[in-house]
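To start, the structure under review is shown below, and the notes come after it.
The values are calculated or read from the model by the stated rules, or taken from the named source; none is laboratory data. Quantities reported herein were computed from a predicted structural model and do not represent experimental measurements. When we count neighbours, we look across all protein chains shown, and the Cβ atoms used for this are built from the backbone with ideal geometry, even at glycine. Only protein heavy atoms, including side chains, enter the accessible area calculation; ligands, DNA and RNA are left aside. Shrake-Rupley method; radii C 1.70, N 1.55, O 1.52, S 1.80 Å.
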Amino acid sequence: MIGIFDSGLGGLSALKEVRRLLPFEDIVYFGDTGRVPYGTRSRETIIKYSLQDMHFLASHNIDAVLVACGTVSSNALVILREKYPSIPIIGVIDAGVRAAAKATRNKIIGIAGTPSTIGSGAFDTGLRAISPDFKIISSACPLFVPLVENGFVSKDEEITRLAAEIHLQPIIEAGADTLILGCTHYPIIAPSIAKVIPNASLINVGAAAAEELRDIITARGMHDTEREGAVKYYVSDEPQGFERIASIFLGEEITDKVTRIDIEKY
Ligand code: DGL
(Lines give C-alpha, C1' and ligand atoms only; values in the text may rest on other atoms or scores of the structure.)
Protein backbone atom coordinates (compact mmCIF):
# COMPACT_ATOMS: atom_id res chain seq x y z
CA MET A 1 0.00 0.00 0.00
CA ILE A 2 1.24 3.48 -0.93
CA GLY A 3 0.67 6.53 1.28
CA ILE A 4 0.35 9.95 -0.38
CA PHE A 5 -0.19 13.26 1.37
CA ASP A 6 -0.50 16.96 0.68
CA SER A 7 -2.00 20.01 2.37
CA GLY A 8 -5.14 19.52 0.27
CA LEU A 9 -6.08 18.74 -3.32
CA GLY A 10 -2.61 19.22 -4.83
CA GLY A 11 -1.35 15.72 -4.19
CA LEU A 12 -4.02 14.39 -6.53
CA SER A 13 -1.76 15.47 -9.41
CA ALA A 14 0.70 12.85 -8.14
CA LEU A 15 -1.97 10.30 -7.23
CA LYS A 16 -3.37 10.35 -10.76
CA GLU A 17 0.03 9.38 -12.15
CA VAL A 18 0.70 6.78 -9.40
CA ARG A 19 -2.55 5.06 -10.32
CA ARG A 20 -1.60 5.04 -13.99
CA LEU A 21 1.90 3.66 -13.33
CA LEU A 22 1.04 1.29 -10.47
CA PRO A 23 -2.57 0.25 -11.11
CA PHE A 24 -2.44 -2.73 -8.71
CA GLU A 25 -1.33 -0.77 -5.65
CA ASP A 26 -3.74 0.19 -2.90
CA ILE A 27 -3.40 3.86 -1.99
CA VAL A 28 -4.23 5.85 1.09
CA TYR A 29 -4.42 9.60 0.40
CA PHE A 30 -4.50 12.31 3.04
CA GLY A 31 -5.30 15.96 2.23
CA ASP A 32 -4.95 18.32 5.19
CA THR A 33 -7.86 20.47 4.05
CA GLY A 34 -8.48 21.84 7.54
CA ARG A 35 -5.03 23.48 7.61
CA VAL A 36 -4.33 24.32 3.96
CA PRO A 37 -2.35 26.33 2.86
CA TYR A 38 1.03 25.18 4.15
CA GLY A 39 3.06 27.31 1.75
CA THR A 40 2.64 30.60 3.60
CA ARG A 41 3.53 29.15 7.02
CA SER A 42 6.76 28.97 9.00
CA ARG A 43 9.14 26.03 8.62
CA GLU A 44 8.39 24.92 12.22
CA THR A 45 4.66 24.74 11.50
CA ILE A 46 5.21 22.89 8.21
CA ILE A 47 7.39 20.33 10.03
CA LYS A 48 4.82 19.88 12.80
CA TYR A 49 1.95 19.40 10.33
CA SER A 50 3.87 17.04 8.07
CA LEU A 51 4.94 14.84 10.99
CA GLN A 52 1.28 14.50 11.98
CA ASP A 53 0.36 13.68 8.35
CA MET A 54 3.07 11.05 8.28
CA HIS A 55 1.99 9.57 11.64
CA PHE A 56 -1.52 9.21 10.22
CA LEU A 57 -0.32 7.42 7.07
CA ALA A 58 2.00 5.22 9.11
CA SER A 59 -1.04 4.01 11.07
CA HIS A 60 -1.91 2.12 7.84
CA ASN A 61 0.02 -0.80 6.46
CA ILE A 62 2.11 1.30 4.04
CA ASP A 63 5.16 0.17 2.07
CA ALA A 64 6.21 3.63 0.84
CA VAL A 65 5.14 7.28 1.03
CA LEU A 66 5.02 9.90 -1.68
CA VAL A 67 5.22 13.38 -0.16
CA ALA A 68 3.09 14.99 -2.86
CA CYS A 69 3.77 18.51 -1.68
CA GLY A 70 6.58 20.84 -2.75
CA THR A 71 6.36 22.78 0.48
CA VAL A 72 6.81 19.71 2.70
CA SER A 73 9.41 18.20 0.36
CA SER A 74 11.54 21.36 0.52
CA ASN A 75 11.21 21.92 4.28
CA ALA A 76 10.66 18.64 6.08
CA LEU A 77 11.73 15.63 3.99
CA VAL A 78 14.95 15.02 5.94
CA ILE A 79 13.07 15.07 9.23
CA LEU A 80 10.38 12.68 7.99
CA ARG A 81 13.08 10.27 6.78
CA GLU A 82 14.87 10.48 10.15
CA LYS A 83 11.65 9.63 11.99
CA TYR A 84 10.72 6.77 9.64
CA PRO A 85 13.99 5.23 8.45
CA SER A 86 12.40 1.94 7.42
CA ILE A 87 9.80 3.45 5.05
CA PRO A 88 10.95 4.74 1.62
CA ILE A 89 9.82 8.40 1.50
CA ILE A 90 9.89 10.12 -1.88
CA GLY A 91 9.64 13.89 -2.28
CA VAL A 92 8.99 15.95 -5.39
CA ILE A 93 12.12 18.14 -5.56
CA ASP A 94 14.74 15.77 -7.00
CA ALA A 95 12.39 14.25 -9.56
CA GLY A 96 11.15 17.70 -10.61
CA VAL A 97 14.70 19.00 -10.99
CA ARG A 98 15.72 16.05 -13.16
CA ALA A 99 12.65 16.38 -15.38
CA ALA A 100 13.28 20.12 -15.90
CA ALA A 101 16.98 19.65 -16.67
CA LYS A 102 16.01 17.09 -19.28
CA ALA A 103 13.27 19.24 -20.83
CA THR A 104 15.07 22.57 -21.26
CA ARG A 105 16.72 23.48 -24.55
CA ASN A 106 17.65 27.13 -23.98
CA LYS A 107 18.70 26.49 -20.32
CA ILE A 108 16.32 29.17 -19.02
CA ILE A 109 14.18 27.54 -16.34
CA GLY A 110 11.36 29.12 -14.35
CA ILE A 111 10.33 27.86 -10.93
CA ALA A 112 6.82 28.57 -9.64
CA GLY A 113 6.10 27.54 -6.06
CA THR A 114 4.65 28.52 -2.73
CA PRO A 115 6.42 31.33 -0.84
CA SER A 116 7.94 28.74 1.48
CA THR A 117 9.26 26.50 -1.31
CA ILE A 118 10.73 29.46 -3.20
CA GLY A 119 12.25 30.78 0.05
CA SER A 120 13.91 27.41 0.71
CA GLY A 121 15.80 27.53 -2.60
CA ALA A 122 15.45 23.74 -2.88
CA PHE A 123 14.77 23.59 -6.64
CA ASP A 124 17.54 26.13 -7.40
CA THR A 125 20.06 24.12 -5.40
CA GLY A 126 19.12 20.94 -7.26
CA LEU A 127 19.32 22.60 -10.68
CA ARG A 128 22.67 24.26 -9.90
CA ALA A 129 24.08 20.89 -8.88
CA ILE A 130 23.23 19.58 -12.37
CA SER A 131 24.53 22.60 -14.28
CA PRO A 132 25.87 26.01 -13.24
CA ASP A 133 24.86 27.25 -16.72
CA PHE A 134 21.13 27.22 -16.07
CA LYS A 135 19.53 30.65 -15.86
CA ILE A 136 16.93 30.26 -13.11
CA ILE A 137 14.03 32.61 -12.39
CA SER A 138 11.89 31.87 -9.34
CA SER A 139 8.47 33.23 -8.54
CA ALA A 140 6.35 32.75 -5.43
CA CYS A 141 2.70 32.31 -6.40
CA PRO A 142 0.56 32.68 -3.26
CA LEU A 143 -2.74 33.08 -5.15
CA PHE A 144 -2.65 29.70 -6.92
CA VAL A 145 -3.39 27.37 -3.98
CA PRO A 146 -6.48 29.30 -2.74
CA LEU A 147 -7.77 29.43 -6.34
CA VAL A 148 -7.49 25.64 -6.62
CA GLU A 149 -8.90 24.90 -3.16
CA ASN A 150 -11.86 27.18 -3.90
CA GLY A 151 -12.62 25.52 -7.22
CA PHE A 152 -11.45 28.13 -9.76
CA VAL A 153 -10.01 25.30 -11.82
CA SER A 154 -11.76 25.37 -15.19
CA LYS A 155 -9.63 26.40 -18.15
CA ASP A 156 -11.92 29.38 -18.78
CA GLU A 157 -11.51 30.97 -15.31
CA GLU A 158 -10.45 34.53 -16.08
CA ILE A 159 -9.31 35.16 -12.51
CA THR A 160 -6.94 32.18 -12.62
CA ARG A 161 -5.45 33.25 -15.95
CA LEU A 162 -4.94 36.75 -14.55
CA ALA A 163 -3.23 35.40 -11.42
CA ALA A 164 -0.95 33.34 -13.66
CA GLU A 165 -0.10 36.40 -15.73
CA ILE A 166 0.81 38.40 -12.61
CA HIS A 167 2.75 35.66 -10.81
CA LEU A 168 4.67 34.40 -13.84
CA GLN A 169 5.56 37.77 -15.42
CA PRO A 170 9.31 37.64 -14.58
CA ILE A 171 9.57 34.08 -15.89
CA ILE A 172 7.73 34.95 -19.12
CA GLU A 173 9.93 38.03 -19.64
CA ALA A 174 13.11 36.00 -19.16
CA GLY A 175 12.08 33.67 -22.00
CA ALA A 176 12.03 30.42 -20.01
CA ASP A 177 11.33 27.36 -22.17
CA THR A 178 10.67 25.21 -19.09
CA LEU A 179 8.54 25.97 -16.05
CA ILE A 180 8.70 23.81 -12.94
CA LEU A 181 5.25 23.67 -11.38
CA GLY A 182 6.93 23.39 -7.99
CA CYS A 183 3.70 23.02 -6.05
CA THR A 184 1.52 19.99 -6.68
CA HIS A 185 -1.61 22.14 -6.77
CA TYR A 186 -0.48 23.89 -9.95
CA PRO A 187 -1.03 21.08 -12.51
CA ILE A 188 -4.72 21.30 -11.60
CA ILE A 189 -4.74 24.80 -13.18
CA ALA A 190 -2.17 23.96 -15.89
CA PRO A 191 -4.54 24.99 -18.74
CA SER A 192 -4.73 28.55 -17.34
CA ILE A 193 -0.96 28.62 -16.75
CA ALA A 194 -0.28 27.37 -20.28
CA LYS A 195 -2.35 30.23 -21.69
CA VAL A 196 0.12 32.83 -20.40
CA ILE A 197 3.33 30.87 -21.14
CA PRO A 198 2.28 28.76 -24.13
CA ASN A 199 5.66 27.69 -25.44
CA ALA A 200 7.15 26.39 -22.19
CA SER A 201 7.27 22.76 -21.06
CA LEU A 202 5.33 22.57 -17.80
CA ILE A 203 6.96 20.19 -15.32
CA ASN A 204 4.49 18.31 -13.14
CA VAL A 205 6.69 17.48 -10.14
CA GLY A 206 4.17 15.07 -8.59
CA ALA A 207 4.01 13.04 -11.81
CA ALA A 208 7.83 13.02 -11.99
CA ALA A 209 7.98 11.75 -8.38
CA ALA A 210 5.42 9.06 -9.23
CA GLU A 211 7.89 7.66 -11.78
CA GLU A 212 10.59 7.56 -9.11
CA LEU A 213 8.17 5.74 -6.80
CA ARG A 214 7.36 3.21 -9.54
CA ASP A 215 11.08 2.51 -9.98
CA ILE A 216 11.58 1.97 -6.23
CA ILE A 217 8.55 -0.31 -5.93
CA THR A 218 9.66 -2.32 -8.96
CA ALA A 219 13.29 -2.60 -7.82
CA ARG A 220 12.27 -3.82 -4.36
CA GLY A 221 9.61 -6.19 -5.67
CA MET A 222 7.00 -4.58 -3.41
CA HIS A 223 4.14 -4.91 -5.91
CA ASP A 224 0.67 -5.68 -4.59
CA THR A 225 -1.40 -8.48 -6.06
CA GLU A 226 -2.82 -8.53 -9.57
CA ARG A 227 -6.12 -6.84 -8.89
CA GLU A 228 -7.05 -3.23 -9.37
CA GLY A 229 -5.82 -1.15 -6.44
CA ALA A 230 -8.31 0.59 -4.16
CA VAL A 231 -7.97 4.23 -3.11
CA LYS A 232 -9.06 5.58 0.25
CA TYR A 233 -9.22 9.35 0.68
CA TYR A 234 -8.99 11.13 4.03
CA VAL A 235 -9.28 14.85 4.78
CA SER A 236 -9.14 16.95 7.94
CA ASP A 237 -12.25 19.06 7.29
CA GLU A 238 -15.67 18.57 5.73
CA PRO A 239 -15.30 16.36 2.64
CA GLN A 240 -17.83 17.98 0.24
CA GLY A 241 -15.58 20.62 -1.35
CA PHE A 242 -12.73 18.15 -1.72
CA GLU A 243 -15.03 15.53 -3.28
CA ARG A 244 -16.43 17.98 -5.79
CA ILE A 245 -13.12 19.41 -7.06
CA ALA A 246 -11.29 16.07 -6.87
CA SER A 247 -14.01 14.41 -8.94
CA ILE A 248 -13.56 17.05 -11.66
CA PHE A 249 -9.77 16.74 -11.68
CA LEU A 250 -9.64 12.94 -11.53
CA GLY A 251 -12.44 12.57 -14.07
CA GLU A 252 -14.27 10.11 -11.85
CA GLU A 253 -16.84 10.42 -9.09
CA ILE A 254 -15.25 10.06 -5.65
CA THR A 255 -18.25 11.30 -3.69
CA ASP A 256 -18.81 9.14 -0.57
CA LYS A 257 -15.26 7.75 -0.73
CA VAL A 258 -13.78 10.49 1.46
CA THR A 259 -13.52 10.21 5.24
CA ARG A 260 -12.91 13.05 7.66
CA ILE A 261 -10.34 12.51 10.43
CA ASP A 262 -9.03 14.57 13.34
CA ILE A 263 -5.38 15.09 12.35
CA GLU A 264 -4.57 16.73 15.71
CA LYS A 265 -4.83 13.26 17.27
CA TYR A 266 -1.74 12.07 15.39
N1 DGL B 1 0.55 21.45 -2.75
C2 DGL B 1 1.54 21.95 -1.86
C3 DGL B 1 2.85 22.18 -2.49
O4 DGL B 1 3.18 21.41 -3.36
C5 DGL B 1 1.13 22.86 -0.76
C6 DGL B 1 0.44 24.10 -1.10
C7 DGL B 1 0.03 24.85 0.13
O8 DGL B 1 -0.60 24.27 1.00
O9 DGL B 1 0.38 26.04 0.23
O10 DGL B 1 3.61 23.05 -2.16
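A few comments on the model shown:
- Karplus-derived 3J(HN,Hα), 6.51/-1.76/1.60, for each residue of segment 237-254, Hz, glycine and proline x: 8, 4, x, 4, x, 4, 4, 5, 6, 5, 4, 5, 5, 7, x, 8, 6, 10
- Computed 3J(HN,Hα) for segment 64-76, one whole-Hz value per residue from the Karplus formula 6.51 cos²θ - 1.76 cosθ + 1.60 where θ = phi - 60°, is 7, 10, 9, 7, 8, 8, x, 5, 6, 4, 8, 10, 9, glycine and proline marked x.
- FRET efficiency, Arg220 to Ser154 (Cβ-Cβ, R0 41 Å, nearest 0.05): 0.55
- Accessible carbon and sulfur surface of segment 185-257 relative to its total accessible area, %, 1.4 Å: 49
- For the chain, the longest principal axis of the C-alpha atoms and the axis of helix 93-103 are separated by about 40°.
- Calculated FRET efficiency for the pair Ser131/Glu252, C-beta based, R₀ 45 Å, to 0.05: 0.65
- Computed 3J(HN,Hα) for segment 202-219, one whole-Hz value per residue from the Karplus formula 6.51 cos²θ - 1.76 cosθ + 1.60 where θ = phi - 60°, is 9, 9, 8, 5, x, 5, 5, 5, 4, 5, 4, 4, 4, 5, 5, 4, 5, 4, glycine and proline marked x.
- Sulfur and carbon atoms: percent of accessible area, segment 40-115 [1.4 Å]: 49
- Segment 26-118: relative contact order in percent, alpha carbon pairs under 8 Å with at least 6 residues between: 33
- Residues whose amide H lies under 5 Å from that of Ile254, counting only those 5 or more places away or on a different chain, are Ser247; hydrogens are built 1.01 Å from N in the peptide plane.
- Computed accessible area, Lys16, all protein chains, 1.4 angstrom probe, square angstrom: 90
- Point-charge dipole on Cβ atoms (K/R +1, D/E -1) for segment 106-262, about Cα centre, debye to 20: 400
- For segment 134-266, a/c is not less than 1.5, where a ≥ b ≥ c are the root eigenvalues of the C-alpha gyration tensor, and a/b does not top b/c. That puts it in the oblate class.
- Between Lys232 and Arg43, the FRET efficiency estimated from the beta carbon spacing at R0 = 30 angstrom works out to 0.50.
- Here the alpha carbons of segment 112-207 define both size measures, Rg and Dmax, at 12.8, 39 Å.
- Degrees between helix 12-21 axis and first principal axis of the chain (Cα, 0 to 90, nearest 10): 70
- For the chain, accessible area per residue (1.4 Å probe, heavy atoms of protein chains only), Å²: 42
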